[in-house]
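K.L.:
I have a structure I would like to understand better, so I am pasting it below and will then ask my questions one at a time.
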Amino acid sequence: MGSDSFMVLFDLIILFYGLYLVYSAYQMKKTHQPPNMIINPADLVGARDTKGFCEAMFKPTVVFGMMAALYGIVGFVNDRFVDEPMVNFVSIALFLILCFWYLRETKKYKSQYLK
């Protein structure tokens, strides 16, 4: 598998990860139980307000999931058809900024609702 094939595979994994996060956000809102991919189940032991955490994390999780899916689509199109290095650089930079934002939101709501 060449480096181009690896990047296409990586883009598809990120795309489906983003779609799964959006699905998980709606499930979390419905069941008031955060999925394991967002928070460690051990952190829920003795949690103060799991429902509040789920409601607070709904929007950030949907935004992050949609943007991850968009990053996967842009990366796939760029790697398969366009091959513009600047598009790749900018999309990776924006994705990393979004990852840091999502981690910050998760940490903020975790301390506010769970501990």
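The values are calculated or read from the model by the stated rules, or taken from the named source; none is laboratory data. All figures in this text were calculated on a predicted structure; none of them were measured in a lab. Only protein heavy atoms, including side chains, enter the accessible area calculation; ligands, DNA and RNA are left aside. Shrake-Rupley method; radii C 1.70, N 1.55, O 1.52, S 1.80 Å.
K.L.:
Using a 1.4 Å probe, how large is the accessible area of Arg104, given in Å² and rounded to the nearest 10?
P.N.:
In the full protein context, Arg104 sits at about 150 Å².
K.L.:
Roughly to the nearest percent, how much of the accessible area of the chain is carbon and sulfur, given a 1.4 Å probe? Kindly include the intermediate steps, with their values, before the conclusion.
P.N.:
Working: 4840 of 7260 Å².
That share works out to 67 percent.
K.L.:
Is the C-alpha gyration tensor of the chain telling us rounded, prolate or oblate? Criteria: a/c under 1.5 is rounded; beyond that, a/b larger than b/c is prolate, otherwise oblate. Numbers along the way, then the final one.
P.N.:
Numbers: a/c = 2.86, a/b = 2.43, b/c = 1.18.
Note, shape of the chain comes out prolate.
K.L.:
I need to check one value: relative contact order of segment 20-67, counting alpha carbon pairs closer than 8 Å and at least 6 residues apart, in percent. Write down the numbers at each step before the final one.
P.N.:
Details: 34 pairs, mean separation 28.4, N = 48.
This gives 59 percent for segment 20-67.
K.L.:
Right, something else. Using a 1.4 Å probe and ignoring any ligands, DNA or RNA, find the accessible area of Ser5 and quote it in Å² to the nearest 10.
P.N.:
Per-residue accessible area (Ser5): approximately 60 Å².
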